[in-house]
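A short worksheet on the structure shown next.
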Amino acid sequence: MMAAKTPRMTKTVLVVDDDAAIVRMLKDAIGLFRHEHAYTVVTAGDGADGLAALQRDPFDLVLLDMFMPRMTGLELLAHMRRLRIETPVLMLTGNDDTRSAADALACGIFAYVPKPFDLQHLEHLVSLALSPRSTAAVA
């Protein structure tokens, strides 16, 4: 007799990026991660839409592009902190501006992730960020 499979808890991830190809790739990749839980992925095309989503619904994790039109990732992060939204954030960027990386880390992001992504590394960071014992930032 086969044992009943335990249903996996679902984590909700918000992906905020203005590059539709990256959003699609992240959505597909996160769906394939083999963690102890399943994922629901919600997307926003810029920081302003991301802020609206965060004010509307709770999320377990935010993958946030640093440079976007209308509202940058750092501006969205500042709004999140003012609103006391403590959701872990993985800051994504194709720009290796160390000042911006330092600013993001100072704002309390969980990790800074350079583009192009190493999907295994990203999978590991997502797992760490969603772990109940994760509190320290990872660079």
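One table, with the values for the structure above:
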quantity: So residue 59, is it crowded, with 16+ Cβ neighbours inside 10 Å, out of contact with any helix residue (DSSP H, G or I) (no Cβ under 7 Å at 6 or more places or on another chain) and not β-branched (Val, Ile, Thr); calculated: yes
quantity: Enumeration of residues in segment 1-18 that are at pLDDT 90 or above and either more than 18 Å from residue 62 (Cβ to Cβ) or buried (at least 16 other Cβ atoms within 10 Å of the Cβ) (or both); calculated: 11, 13, 14, 15, 16, 17, 18
quantity: Total residues in segment 48-67, condition over 18 Å from residue 102 (Cα atoms) and either in contact with a His (Cβ under 8 Å, 6 or more places away or on another chain) or of a type in the set (A, V, I, L, M) (or both); calculated: 7
quantity: Matching entry among 32, 83, 64 (being among the aliphatic types (A, V, I, L, M) and within 15 Å of the chain's Cα centre (by Cα)); calculated: 64
quantity: Any chance residue 72 is more than 12 Å from the chain's Cα centre (by Cα) and crowded, with 17+ Cβ neighbours inside 10 Å; calculated: yes
quantity: Matching residues in segment 84-125 - criterion: being exposed (fewer than 14 other Cβ atoms within 10 Å of the Cβ) and at pLDDT below 90; calculated: 94, 95, 96, 97, 98, 99, 102, 106, 108, 116, 118
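The values are calculated or read from the model by the stated rules, or taken from the named source; none is laboratory data. All figures in this text were calculated on a predicted structure; none of them were measured in a lab. Heads up, the Cβs are rebuilt from the backbone with ideal geometry, glycines too, and the neighbour counts pull from every protein chain shown.
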